[in-house]
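Read the figures in this text as sums done on the coordinates, not as results from a lab. It should be emphasised that the depicted structure is a prediction, and the values quoted were computed from it without experimental measurement. Don't worry about glycine lacking a Cβ; one is built from the backbone with ideal geometry, like all the others, and counts go over all protein chains shown.
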Amino acid sequence: MFKKVLIANRGEIAVRVIRACQERGLTTVAVFSDADRAALHVRYADEAYRIGPPPARESYLNAAAIIAAAHRSGAEAIHPGYGFLSERAVFAQAVLDSGLAWVGPAPAAIRAMGDKVAARRSMMAAGVPVVPGSDGDGGDSGAALSDAEMAQAAERIGYPVLVKASAGGGGKGMRTVNEPSELPRALAAARREALNAFGSDLVYLEKLITRARHVEIQILADNHGNCVHLGERECSIQRRHQKLIEEAPSVAVTPELRAEMGQVAVRAAQAVGYNNAGTVEFLLDRSGKFYFLEMNTRLQVEHGVTELVTGIDIVKEQFAIASGRKLRWTQGEITLKGHAIECRISAENPYNNFLPAAGRITTLGEPSGPGVRVESGIYAGWEVSLYYDPLLAKLIVWGETRPEAILRMRRALAEYRIGGIHTTLPFHQKVMDSTVFQWGQFDTSFLDGPDGFRMTAAPGRDLAQVAAVAAAMVEHERGQQAVVLGSPCNGDKPGVSPWKLTGRPGNGRV
Ligand code: MV4
């Protein structure tokens with residue numbers, strides 16, 4: 001069993017993993033770029049090592065620098081978090097080859113699911129339902145299809161179809177094709193984009209499933225052939241393939257459907273010899289049919305909602321699995337209780353097309369109280385840069401029922417204060433207030449669709465508001481003058497204790 005772990009990540013997920021290490025008695029090593037010297041994950045870790053300049057390519061994606069930092073620090077294992085190097089089979093293999101433990105799936109499993117065409121083929125062989133596609137009849141050799149062969153495949157599948165990159169995932173480089181005349185251009189564009197983004201121009205076709213839900217199943221698999229599922233997460237509320245809100249369970253999944261999707265997810269994992277935590281993504285169509293989309297071979301951003309409804313600490317289990325422990329549960333011992341919702345709080349302006357926001361966080365007040373969990377990577381005074389993903393924190397709530405969870409989320413959002421930069425807090429409040437969300441009658445077109453949910457303009461400053469702000473400022477000024485340390489108790493301001501006033505910012509404290 002290893003005793004010291006390097007966390008090859010930053011932000012809220014690095015903090016989350018450090019917390020799991022602390023609870024397991026593991027010493028933690030953070031890595032940081034020059035932009036993150038004073039970051040929260042660096043402050044939380046027992047030790048921290050610089051790995052390069054701000055751009056991710058030169059720091060958090062710098063495999064050699066990270067492995068070198070692990071050896072220098074005496075760490076015996078690496079946890080990759082999500083994003084960055086987490087799904088690079090070559091990195092996982094390099095970690096293992098250098099004598100370190102890897103807190104994640106075996107490189108072969110990452111590779112098997114990383115090639116989407118190969119993954120579809122393994123899934124079909126394992127009896128996992130996949131969306132009809134250009135490789136659907138099993139007669140393919142894995143070689144790239146010509147435009148003419150693609151056109152034939154599209155006719156067989158039936159329009160509309162989606163062009164997807166085989167080396168892609170997460171919706172990057174996808175293209176919708178509504179009719180045959182659009183196909184050649186879409187193929188050319190998708191191939192060009194895929195080559196640029198993933199280094200491979202291999203693309204394939206899938207039937208476009210419209211108005212479906214994005215439902216994913218969390219699995220845990222040990223190194224001894226045991227695998228369980230932890231139920232589903234509903235992830236349909238996305239914007240440009242970035243998830244914004246997730247919940248568990250999904251209102252569209254009955255206990256019977258959960259058992260069936262769960263069994264299929266376990267079968268999918270076992271078909272590629274999967275170990276550690278992973279997520280099988282499905283599309284759930286309006287008739288209740290579901291199709292395998294892809295498998296994410298990492299810890300996911302939204303793992304927390306599953307933790308709250310199962311009571312299982314997924315990150316701690318990742319460490320248990322990586323150190324060779326057997327799973328502690330059989331499927332029958334895993335039960336779901338209540339409802340959890342997560343809002344991703346990011347540094348983006350929802351009133352301006354989610355434009356990334358940068359700047360210093362001047363004030364921070366985090367919600368708490370019953371059923372509230374905050375996974376944050378920020379503090380008051382922290383400067384948010386534009387170098388990395390804009391995710392600042394995740395607000396996760398639990399309630400006995402979905403309505404209670406929604407009411408709690410509204411309360412917690414209202415309690416949340418992030419000053420100095422734009423955040424997505426107002427967006428989330430608006431979604432929680434929307435009847436479509438409250439009814440649960442949404443699908444993947446909730447935000448991106450033509451008649452989707454829209455953010456209204458930022459609240460204007462009417463005269464009453466200006467007057468209120470001016471009054472508050474006058475009052476504040478008076479407060480500044482009210483108490484000087486050393487002045488007699490209740491000197492000239494009867495009724496207000498100087499003990500109270502001295503604690504306020506601006507009232508000189510010693
Ligand atoms: C699809 C699809 C519909 N039909 N594939 C997006 C993320 C990636 N894992 C796969 N994704 C999708 N694949 C077929 N054949 C719908 C999505 C999808 C989506 C599409 C448009 C707008 C939002 C979406 C949210 C989730 C999934």
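Between Arg185 and His241, the contour length at 0.36 nm per residue exceeds the alpha carbon distance by 17.9 nm.
Amide H to amide H, with H built 1.01 Å from N, Ala106 comes under 5 Å of Asn275, counting only residues 5 or more places away or on other chains.
From the convex hull of the Cα coordinates of segment 300-452, what is the mean projected area in square nanometres?
Details: hull surface 44.5 nm².
Result: a mean projected hull area of 11.1 nm².
Extending 7 Å from Cα along the Cβ direction at Arg192 and again at Arg410 yields two label points whose distance is 4.8 nm.
In this label model, Ala118 and Asp97 are separated by 1.6 nm, measuring between points 7 Å along each Cα→Cβ vector. Assuming 1.567 mPa s and 4 °C, estimate D for segment 219-296 with Stokes-Einstein, Rh taken as the Kirkwood radius over Cα pairs, in µm²/s. For these conditions, the coefficient is 98 µm²/s. Over the chain, what relative contact order in percent results from Cα pairs under 8 Å that are six or more residues apart? Relative CO of the chain lands at 12 percent.
Normalising by residue count, segment 15-71 has a Cα convex hull of 72 Å³ per residue.
Note on segment 344-419: Cα Rg divided by 2.2 N^0.38 Å, N the number of residues, gives 1.17.
Applying the Karplus relation 6.51 cos²θ - 1.76 cosθ + 1.60 with θ = phi - 60° to segment 194-199 yields 3J(HN,Hα) values of 5, 4, 5, 7, 10, x Hz, where x marks Gly and Pro.
Please compare each pair in Lys337/Lys430; Lys243/Lys316; Lys243/Lys430; Lys116/Lys207; Lys116/Lys172 to a cut-off of 20 Å on the Cα-Cα distance and tell me which ones are over it.
Working: Lys337/Lys430 27 Å; Lys243/Lys316 24 Å; Lys243/Lys430 16 Å; Lys116/Lys207 15 Å; Lys116/Lys172 12 Å.
Result: Lys337/Lys430; Lys243/Lys316 exceed 20 Å.
Using all pairs of distinct alpha-carbon atoms, the Kirkwood hydrodynamic radius of segment 237-379 works out to 17.8 angstrom.
A compact globular protein would have a Cα radius of gyration near 2.2 N^0.38 Å; the ratio found for segment 1-150 is 1.29.
Suppose a student asked you for the relative contact order of segment 175-333, using Cα pairs under 8 Å spaced at least 6 residues apart; what percent would you report? After rounding, I find 23 percent. Within the chain, the longest run free of trypsin sites (Lys or Arg not before Pro) that sit in a DSSP loop with at most 14 other Cβ atoms within 10 Å is 38-210.
Values of log10 I(q)/I(0) for segment 160-213 across q = 0.14 Å⁻¹ run -0.32, by the Debye formula with one identical scatterer at each alpha carbon and no solvent.
First obtain the Kirkwood hydrodynamic radius of the chain from its Cα pairs, then insert it into the Stokes-Einstein equation at 25 °C and 0.890 mPa s, and state the resulting D in µm² per second as a whole number. Spell out each step's value before the answer.
Details: Rh = 24.9 Å.
So the translational diffusion coefficient is about 99 µm²/s.
For segment 235-279, list log₁₀ I(q)/I(0) at each q in 0.13, 0.19, 0.23 Å⁻¹, using the Debye formula over Cα point scatterers of equal strength and ignoring solvent, two decimals each. For segment 235-279 at q = 0.13, 0.19, 0.23 Å⁻¹, log10 I(q)/I(0) is -0.42, -0.80, -0.93. Counting other Cβ atoms within 10 Å as a rough exposure proxy, the listed residues Leu463, Leu162 run Leu463, Leu162 from fewest neighbours to most. For segment 366-406, the fraction of C-alpha pairs more than 11 angstrom apart is 71%. Give the aspartates and glutamates reachable from Lys3 as a straight Cα distance under 17 Å; neighbours fewer than 8 places away on the same chain don't count. Straight-distance partners of Lys3: Glu23, Asp46, Glu47, Glu76, Glu317.
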